[in-house]
Amino acid sequence: MKTLHWDAINPFTGLPFTWDDPNLRWGSPSYYLEPGDPGFVPYPSPVPKPGPKKKKPFRRKAASKTHEIPNPTTTMPTFKYHIAPNPKGGFTTRPVLGEPVTDDAFFTIAASKSGGLTADQIKTGLTAVLDTILECSSGCAFSVGLLGKLRFRPTSGGSKTGPGDFHNPDEMNCDVALSISADTRDAWRSTLSLESLGEVGKVSPIIDSVLSQENGAPGKYSPGTMIELSGDRLDLDKSDVTQGVFFRSGSNPEVRATVYGTITPSSLSVLVPATLSGPLSVRVANKINGSVRSFTYMDAITPIV
């Protein structure tokens, strides 16, 4: 079995993994089964790949508009990306994240597209939709195409020694997976205005999981306590302020951690500043081959209740 990363390519089919793949195991970290692993389901013979598609010409925008937040009064922002070598050969791309969208900006845009609803009405309706998704997922119901656009399904994982050792949702890593339908994704892709920001280095640090050292809970923390990051190429120089672990609460400025414990290539422990609260994004930066490269963990970590 191997750790499953975001946008990973299935080495047995040559295509991206799908959420309903029988060989995926969801947890912290998630992983996929290989031939010889218990429960592995063989894949059908691959379909011959079609010929290369004609590349769509890039439409560039002025460099002064980097990290712009979508606004109903402006044109669609540019999808900016880096090109990076693929460990399996060839090259891949990585999006260059802009600034977080605030609730006010989000619901203002949504109201402008609704044909007469206010931002508050949109907010009330979306809250009801999300609460309904959670209620359905509580009973293991799912949808393969809500309004033809959104898919949701309950997930679980976890890791215990014995089959009777799972006693609560935290130990099972119960969660809800949301994704857009393939048709919606393809329609969205056709609207993108692309801009390459150049090629980046061959490797970067990777965070596979974050655990609270207070109680071992995945994706959790308490302000002023240590968490453990597991992954690869995490052996950063804590004395270099351009390197380290950085936390962000909402749209507030990043805060660099100053207290570190054990640091190895595969794991490091770090103190979450006591001044932080709420869901936090976690970014690690490490100097590799002469340049500082960073990785942002896909999920926000949340306080221990």
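In the range 143-166, which residues are surrounded by fewer than 13 Cβ atoms within 10 Å (Cβ to Cβ) and not hydrophobic (A, V, I, L, M, F, W, C)? Full working, then the answer.
First, pick out the residues of the range 143-166 that are surrounded by fewer than 13 Cβ atoms within 10 Å (Cβ to Cβ): 144, 147-148, 160-165.
Gly148, Lys160, Thr161, Gly162, Pro163, Gly164, Asp165 - these are the residues of the range 143-166 that are surrounded by fewer than 13 Cβ atoms within 10 Å (Cβ to Cβ) and not hydrophobic (A, V, I, L, M, F, W, C).
Looking only at the range 272-290, decide whether some residue is assigned to a strand (DSSP E or B), over 24 Å from Gly27 (Cα atoms) and not hydrophobic (A, V, I, L, M, F, W, C). Don't jump to the end; show me each part of the working.
Keep residues of the range 272-290 that are assigned to a strand (DSSP E or B), which gives 280-288.
Those left that are additionally over 24 Å from Gly27 (Cα atoms): 285-288.
With the extra rule that they be not hydrophobic (A, V, I, L, M, F, W, C), the set shrinks to 286-287.
Taking every residue of the range 272-290 in turn, at least one turns out to be assigned to a strand (DSSP E or B), over 24 Å from Gly27 (Cα atoms) and not hydrophobic (A, V, I, L, M, F, W, C).
When you go through (1) in a helix (DSSP H, G or I); (2) within 30 Å of Ser291 (Cβ to Cβ) one by one for Arg94, which number turns out not to apply?
(1)
May I ask you to list the residues in the range 221-275 that are among the hydrophobic types (A, V, I, L, M, F, W, C) and either touching a Phe, Trp or Tyr at 6+ places or on another chain (Cβ under 6 Å) or outside the structural domain of Tyr297 (by TED's automatic domain parsing) (or both)? Show your work before the answer.
Narrowing the range 221-275 to residues among the hydrophobic types (A, V, I, L, M, F, W, C): 226-227, 229, 234, 236, 241, 245-247, 255, 257, 259, 263, 268, 270-272, 274.
Selection gives Ile227, Val255, Val270, Val272.
From Gly162, Gly89, Gly115, grab the single residue that is within 22 Å of Ile9 (Cα to Cα) and out of contact with any strand residue (DSSP E or B) (no Cβ under 8 Å at 6 or more places or on another chain). Break it down into steps so the answer makes sense when it comes.
Values: Gly162 fails: within 22 Å of Ile9 (Cα to Cα); Gly115 fails: within 22 Å of Ile9 (Cα to Cα).
One residue alone meets the criteria, Gly89.
Limited to the range 257-278, what total is found for residues that are more than 15 Å from Asp237 (Cα to Cα) and surrounded by 14 or more Cβ atoms within 10 Å (Cβ to Cβ)?
4
What's the number of the condition Gly216 fails, among (1) surrounded by 15 or more Cβ atoms within 10 Å (Cβ to Cβ); (2) part of a loop (DSSP other than H, G, I, E, B)?
(1)
Going by what's in this entry, would Ser196 be described as surrounded by fewer than 16 Cβ atoms within 10 Å (Cβ to Cβ), in contact with a Gly (Cβ under 8 Å, 6 or more places away or on another chain) and modelled with pLDDT under 90?
It is false that Ser196 is surrounded by fewer than 16 Cβ atoms within 10 Å (Cβ to Cβ), in contact with a Gly (Cβ under 8 Å, 6 or more places away or on another chain) and modelled with pLDDT under 90.
What is the residue count in the range 114-166 for residues that are among the β-branched types (Val, Ile, Thr) and part of a helix (DSSP H, G or I)?
6
Could you check how many residues of the range 97-113 are of a type in the set (D, E, K, R) and either crowded, with 16+ Cβ neighbours inside 10 Å or in a loop (DSSP other than H, G, I, E, B) (or both)?
So the answer is 2.
Looking only at the range 174-185, decide whether some residue is more than 24 Å from Thr18 (Cβ to Cβ) and either assigned by TED's automatic domain parsing to the domain that holds Asp20 or part of a strand (DSSP E or B) (or both).
The initial filter retains those residues of the range 174-185 that are more than 24 Å from Thr18 (Cβ to Cβ), namely none.
Looking through the range 174-185, none of the residues is more than 24 Å from Thr18 (Cβ to Cβ) and either assigned by TED's automatic domain parsing to the domain that holds Asp20 or part of a strand (DSSP E or B) (or both).
The values are calculated or read from the model by the stated rules, or taken from the named source; none is laboratory data. Because the structure is a prediction, the values reported are computed rather than measured. With ideal geometry, Cβ positions are generated from the backbone for all residues, glycine too; neighbour counts draw on all protein chains shown.
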